[in-house]
Structure formats: C-alpha cells, structure tokens
Amino acid sequence: MANVAITGAARGIALELARQHLENGDRVHALARDPARAEALNALAAGSGGRLTVHAMDVGDDASVKAGAAATGSGPIDMVYNVAGMVGTIAPEFDDVDWKTFDETFNVHVKGPLRVLNAFLPRLGAGAKVINFSSQLAASTWPYGGFHAYAASKAALGRLMRSIAADLKDRGIVIGIVHPGYVQTDMGGPDAEITPQESASGIRKLATEWTLEKSGDFYKWNGEPHAW
C-alpha cells in the first residue's frame, strides 16, 4: 500500500488519480482548494473506509499549503502528484495584459508545486516520487500563440523541477514531469482526445515505474519521452 498525496483533487485527472489509487488499495490524501464544494471527491471519501481523506489546500498560498500538509499527518509519503493548476488568460493581446492573472498563473504553476514539495519533503524517503503536471504547450516544439502565461509558467515548472531533481538525487527522491495529454476535462473540453481515466491510468503506471536514472525527465502520459 502506497501513501499518496494529490493536489487539485476535486476534479478532472486528479480526482481520477485519487479514485484509481484508492481502487489499488492505497492510502490517499486528497488536497483541494475548497473541499466543501468537492462533491464527487467527498463521496469517494465517504465510501473509502477512511483510506481517502480530504484536506484543504490552496497551492497559491504558503500558509494553506503548510496547514494542508500538516493535516495529512506525519507518516511517510510515497507519491506526490502536483496537479493543481489554472488556465489563466488566453489572448494574444499585448497592449492590455492582465498582469494580475499572469502573476497568479506563475504563482500557482511554479511556486505552488515548490511549496507542496517543501511541505512534504521531510516525509519523503528514498524511492519517493514527486510527479509534476506540465503540458505540451511548455515545449519549444509547440509553435502556437496565445496561452502566454500558461505556456511560460509550465516551461518554468519544468526547468525548476529538472534542477530540483539534481538536488534530490542523492536522497533517492524521484522527480517527474509529465504531459497528461489532451484530456476531456473542464480545461480540455468534451472534444479532447482522451478521457481522464485513460490519462490517469497511464500516469499512474508511468509514476510507479519512474526510476531515479530518469529523474527530472519529461514524459507523455503514455510513457513516451516528451521533447523539450
């Protein structure tokens, strides 16, 4: 049985990861910004026999992250999924940039995963995995406009976690960066290519098999390496 912590667990891929880990017999700490509104997650917890618990965590707020991590107890954590995110402003305008939303996107996507890592780090031993959700939009191979704050922040997350992977390698902690695919979620829309179930299943398999030698690398949800 693995002890798993998942941010952004109220919906989408993170909710499905929580469901699949629970079905696998794991202990799940589900972290959501507003647990009171997380109806599907709360229902999952109610039928889990105590193996899935829901805790408040806003990854954009340092105090909230520390309190949320503390609420999960003090035992070892085997797997952390940094899933929580936001779309931000999607517009090519340069003369009317929404700087508040731009800064918030970087706060959530870059500082947020680092806050979560710091909060759980004392409980991560050799072999623990920290899987960070990035995007194909972060890669230099993706030549489309718009998504400025989203793409830039996800690219920054990748470089940040690649650096952290080098720092934590001697401790045996594996850092993963994953593109979850174009998924049928609130963000991806109903016409996206794959379901949350497919994405979560692939990511869970990838995370379980991720080795220290590949720490800091960027992969697709289906296990294929992703170009930077």
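Read-outs throughout are calculated quantities, based only on the coordinates presented, and are distinct from any laboratory measurement. Keep in mind the model is a prediction, meaning the values are calculated, not measured. Backbone-built Cβ (ideal geometry, glycine too); neighbour counts: all protein chains shown.
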### Query
Given (i) 32; (ii) 15; (iii) 10 as candidate values of percent of Cα pairs over 33 Å apart, which corresponds to the one derived from the coordinates?
(iii)
### Query
Using the Karplus equation 6.51 cos²θ - 1.76 cosθ + 1.60 (θ = phi - 60°), what ³J(HN,Hα) coupling, rounded to whole Hz, does each residue of segment 50-57 give in order, writing x for Gly and Pro?
x, 7, 10, 10, 10, 9, 6, 7
### Query
Taking amide hydrogens as modeled 1.01 Å from N in the peptide plane, which residues meet the under 5 Å criterion relative to Tyr81, leaving out close sequence neighbours?
Ala5, Ile6, Thr7, Ile131
### Message
For a protection proxy built on the mean count of beta-carbon atoms within 10 angstrom, sort 153-159, 50-56 highest first, please.
### Response
153-159, 50-56
### Query
What's the local net charge at Ala45, with K and R +1, D and E -1, over the other residues with C-beta under 13 Å away?
+2
### Message
Tell me which of Ala30, Val178, Gly125 sits at the most positive position along the dipole axis of segment 3-220, charges placed on C-beta atoms (Lys, Arg +1; Asp, Glu -1).
### Response
Gly125
### Query
Residue-wise, which Karplus ³J(HN,Hα) couplings in Hz belong to segment 12-25, taking 6.51 cos²θ - 1.76 cosθ + 1.60, θ = phi - 60°, and x for glycine or proline?
x, 5, 5, 4, 5, 4, 4, 4, 5, 5, 5, 5, 7, x
### Task
Answer with one residue from Ala2, Gly85, Val108: the one whose Cα lies farthest towards the positive end of the charge dipole of the chain, charges on Cβ with Lys, Arg +1 and Asp, Glu -1.
Ala2
#### Entry: Net charge of Cβ neighbours under 9 Å - reference Gly216; Lys, Arg +1; Asp, Glu -1
+2
### Query
Given H placed 1.01 Å from N in the peptide plane, which residues other than close sequence neighbours of Tyr182 have an amide H under 5 Å from its amide H?
Glu193, Ile194
### Task
Search the structure for amide H atoms under 5 Å from the amide H of Gly88, placed 1.01 Å from N in the peptide plane, and list their residues when 5 or more places away or on another chain.
none
### Task
Report, in debye and to the nearest 20, how large the dipole of the chain comes out about its Cα centre when Lys and Arg carry +1 and Asp and Glu carry -1 on their Cβ.
820
#### Entry: Alpha carbon centroid spacing (whole Å) that separates segment 190-228 from segment 67-136
17
### Query
To the nearest 10 degrees, how steeply does helix 196-209 sit against the main Cα axis of the chain, on a 0 to 90 scale?
70
### Message
If I take the Cα coordinates of segment 10-63 and project them onto the principal axes, what are the three extents in Å, biggest first?
### Response
31, 20, 17
### Task
Would you mind checking the tilt of helix 148-168 against the longest principal axis of the Cα atoms of the chain, expressed as 0 to 90 degrees and rounded to 10?
50
